[in-house]
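Accompanying notes for the structure given below.
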Amino acid sequence: MHHDKDKLEEIKKKRKEWEEKVLKPAAKRFRMEKPTEFHTPLEIEGFDFLRDVGFPGQYPFTTAAFPVNLVPALRKGAKPGGLKRASQYSGYGTPEDTRDYYKAQAALGWSGGPNFALDLPTQCGYDSDNPTVEGEVGKVGVAIDTLRDFEVIFEAFTGDQDLDKIATNMTMNAAANILIAMYIALAEKRGIPMAKLKGTPQNDILKEHVSRGTYIFPPRPSMRMFRDSVVFFTKHLPGINITSIGGYHIREGGATREQEMAFSLAIGIAYLQEGVNAGVDIDDFAPKFTFNGSGGSLEIYKEVAFHRAYRRMWAKIVKERFGAKKEESMRIRVPMFAHIGCSSTTKQRVLNNLSRTMIGGIAGLLSGGPPAVFPPYDEPLGLGWSLEARQLADDGARILMYETGMCDVLDPFAGSYFMESLTNEIEKAGWEGLQKIEDMGGAVTAIETGYMQREIARSAAERQAKIERGEMLLVGVNCFTEEYELDVTVNRLVEHPYSEKKRYDAEEKQKANLAEVKRTRNNREVKRLLLELEKAAKKEDENLMPLFIQLAREYASLQEQCDVLRGVFGEWQQDTFI
Amino acid sequence: MVMENERKIKVLIAKPGLDGHDRGAKVLAFGLRDQGMEVIYTGRRQSAVQIVKAAIQEDVDVVGLSCLSGAHLTFFPKVVELLKEQKADDVLVVGGGIIPEEHIPILKEKGVAEIFVSGAMVKDIGDFIRKNVRKAD
């Protein structure tokens, strides 16, 4: 790989000759505006394998986060993905509906903890009986108001699936600490100490401000909540991850690859800094950061390079900037690597998405992870994935794992002139974008001023304009749509386990559930604790987690607690940045 | 057809409910602006009442509702209804988002002029608005 100067000069000369005598005439003959690329050692001059790539599972993690690809196909006795854990993002309706769903899945042989989707009122800190959230209770996930609801859902998890044996994931951000406190209170009631709990709250609030939108408080006080997570989780909850950082939502919101990289890294830095500022040792908490995923696209070379660059950048940031010593502090733990992203799917000729996601699956393997045949092809139809589509997505991954032999090699592109130079290029753009945010004062400022939001909106509009001008082609959408093309449709016949009726009845039922809780709990104690919370919230240094746990025990509702905090922290409303 | 009578078409793009997916709404706001319309974007978390209030205050010709959380059957007809109550039913209401095929006729029957789904072109949405917007007196 290390070519000496003379050799490089010779390659340069030969390349020039080839371009003039061979490439140009060919491009002219076949009328190509831009000839296909070909890469040589010239593009990675100074390449240093140990410095730039290294070995899988070791700093700088360019090739892979772990020494081996953890796909089940390679692991003795591992289930071939037939029986999914309950941990597929799931949940709807009332806690009873979700409990019954998990029980039904368990009867089918599923095991492991839940990964619950919460309805929007819960994610935004509203109770089910709030008139302003009418129509949204139990719709996009399960409704949770109080500890009672945790008690009900987790009736599906007992015995060898009890809370000290399973890991629970929750897509909760703005008030993640309040739900974690409810989980702790539930464990207490079962005699399980919080130190034995395992799980991951999403708890990545800044990307909610940037893109996903389930914020409650302004960025600054949100960071104070995050600080409480770092401090309390590190000390008392060794099995609970602090955050699951996502660039995914930022890209899906419209960001380019480079913007996603810069913004999500800036957000990660802000979180790390918050912990360090609170006096926690970087090596004590950085290993408890996880990542839930990056965005994706069909440009798979670039996506693979993106993951290689991203891993290397995070490792450098944690090591060089924060002075971490442990390698696990620098390693990105993420369940999914390169993939196409939901926004690459099309509603038109929807089965084409299966072809698209197979390409994403290949990219997943090439980037050092599992084959992410994601999402199921009917994602853009918006009725929840059908079981048939999920079957085909699983099968797609299995075909890649069991029929292609592609899992046998990690980072097959390592050392490729093309891939290494592309990785460098994307990393360079990432650092530049990150520097811009640093110059503004970091992620929080870049969100408060609307910089990130505006940039993303602009990129989304530019992408759309390219599609409309035909500069970016989407098969079946803006090209190959002539009358003689067939409109291939699908039927989805297998009944979905979520009941539509239950979903629509959930609101009234959950309102009644909450009313019953409010009637039977010790309201005086709840009131007293809420006043305590207000006092504590006003003291910047106070960690609110212990109070959240006390409030959870007394069945204080999510909104009651959030309202107190809204009063102290304010609410974030400025999201019109365009 | 006197030129000075022609004012820019005024559009309110709104996000009803708690749904956070605002990419489409913002893309549309930019796109329609590029086509010469005057566009106001409400931001997220608007109630039907707030949306109608803004529409009337700003005297818009068009209200564009974007919802990807499945709550469209609640919100879209409510906006139409409230506009009617305010005697502003000449305001063109269009909607977009992840709307299942079978919900489209229901929404149209309740007064939503058109539903645009994933893959819709901003140009076509603009054309639809120009063709169907109330004519300036």
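The figures follow:
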| quantity | calculated |
| --- | --- |
| Residue-averaged 222 nm ellipticity for chain B, from DSSP H runs of 4+ at -39500 (n - 2.57), nearest 500 | -11500 deg cm²/dmol |
| Angle in degrees between helix A:257-277 and the longest Cα principal axis of chain A, rounded to the nearest 10 | 50 |
| For region B:27-56 versus region A:503-578, the gap between their alpha-carbon centres in whole angstrom | 32 |
| Rg and Dmax [Cα atoms of region A:384-494; Å; Rg one decimal, Dmax integer] | 21.3, 56 |
| Estimated D of the protein assembly as shown in µm² per second, where Rh is the Kirkwood radius over Cα pairs and Stokes-Einstein applies at 20 °C, 1.002 mPa s | 79 |
| Amide H contacts of A:T243 (H built 1.01 Å from N, under 5 Å, at least 5 apart or other chain) | A:T290 |
| Sequence of A:M545, A:M440 once ranked by neighbouring C-beta atoms within 10 Å, starting from the fewest | A:M440, A:M545 |
| Candidate aspartates and glutamates - alpha carbon under 12 Å from B:K15, same-chain residues fewer than 8 apart omitted | A:D575 |
| Segment A:F30-A:Q435, extension gain: residue separation times 0.36 nm, minus the distance between their alpha carbons | 141.5 nm |
| Amide hydrogen neighbours beyond the local backbone of A:G293, cut-off 5 Å, H modeled | A:G247, A:Y248 |
| Estimated vicinal HN-Hα couplings, Hz - region A:321-334 in sequence order (Karplus 6.51, -1.76, 1.60; Gly, Pro = x) | 7, 9, x, 5, 10, 7, 5, 5, 5, 9, 8, 7, 9, 9 |
| Per DSSP, loop chymotrypsin sites (Phe, Trp or Tyr not before Pro) in region A:155-246 with at most 11 further Cβ within 10 Å | none |
| C-alpha center-to-center spacing [region A:242-257, region A:413-478] in angstrom | 11 |
| Region A:282-338 and region A:139-201: distance between their alpha carbon centers, rounded to Å | 28 |
| B:E101/B:V49 FRET efficiency (R0 35 Å; Cβ-Cβ; nearest 0.05) | 0.75 |
| Computed E for A:D6/A:Y402 - FRET, C-beta separation, R0 60 angstrom, nearest 0.05 | 0.80 |
| Long-range amide H partners of B:Y41 with built H, under 5 Å | B:I13 |
| Shielding by partners, peptide A:454-460 (average Cβ within 10 angstrom, other chains) | 3 |
| Phi to ³J(HN,Hα) by Karplus 6.51 cos²θ - 1.76 cosθ + 1.60 over region A:192-206, Hz, x for Gly, Pro | 9, x, 4, 5, 8, 6, 10, x, 9, x, 5, 6, 10, 6, 5 |
| Peptide B:23-32, shielding by other chains (average Cβ, 10 Å cutoff) | 6 |
| CD proxy at 222 nm, helix term only [per DSSP H run n ≥ 4: -39500 (n - 2.57); per residue of chain A; nearest 500] | -14500 deg cm²/dmol |
| Cα→Cβ-extended label distance, 7 Å offset, between A:E500 and A:K535, nm | 5.3 |
| Kirkwood hydrodynamic radius over Cα pairs of region B:8-132, then Stokes diffusion coefficient at 37 °C and 0.692 mPa s, in µm²/s | 235 |
| Proximal lysines relative to A:K13, as straight alpha-carbon distance under 27 Å, when same-chain residues fewer than 8 apart are discounted | A:K5, A:K21, A:K24, A:K28, A:K34 |
| Taking A:I447, B:I56 and counting other C-beta atoms within 10 Å, the order from fewest to most | B:I56, A:I447 |
| Which of A:V350, A:V494 has the fewest Cβ neighbours within 10 Å, and the rest in rising order | A:V494, A:V350 |
| ³J(HN,Hα) computed for each position of region A:463-477 - Karplus, 6.51 cos²θ - 1.76 cosθ + 1.60, integer Hz, glycine/proline x | 4, 4, 4, 5, 5, 6, 7, x, 7, 10, 9, 10, 4, x, 10 |
| Residues of type lysines that B:K10 reaches as a straight line, Cα spacing below 27 Å, ignoring anything fewer than 8 places off in the same chain | A:K466, B:K26, B:K53, B:K78, B:K84, B:K87, B:K108, B:K110, B:K123, B:K131, B:K135 |
| FRET E, pair A:E19, A:E299, Förster distance 35 Å, beta-carbon r, rounded to 0.05 | 0.90 |
| Share of pairwise Cα separations in region A:440-578, more than 24 Å, in percent | 67 |
| Cα-projected label distance for A:K428 with A:N523, points at 7 Å along beta-carbon direction, nm | 6.7 |
| Qualifying chymotrypsin sites (Phe, Trp or Tyr not before Pro) for region A:477-578 [loop in DSSP, other Cβ within 10 Å: at most 10] | A:Y484 |
| Dipole axis of the protein assembly as shown (+1 Lys, Arg; -1 Asp, Glu on Cβ), positive-most option in A:L186, B:H21, A:V142 | A:L186 |
| Lys, Arg +1 and Asp, Glu -1 on Cβ, resulting dipole of the protein assembly as shown about Cα centre, debye, nearest 20 | 840 |
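Values quoted throughout were computed directly from the atomic coordinates according to the rules given, and no laboratory measurement underlies them. Just so we're clear, the structure is a prediction, and the values are computed from it rather than from any experiment. Virtual Cβ from ideal backbone geometry, glycine too; neighbours counted across all protein chains shown.
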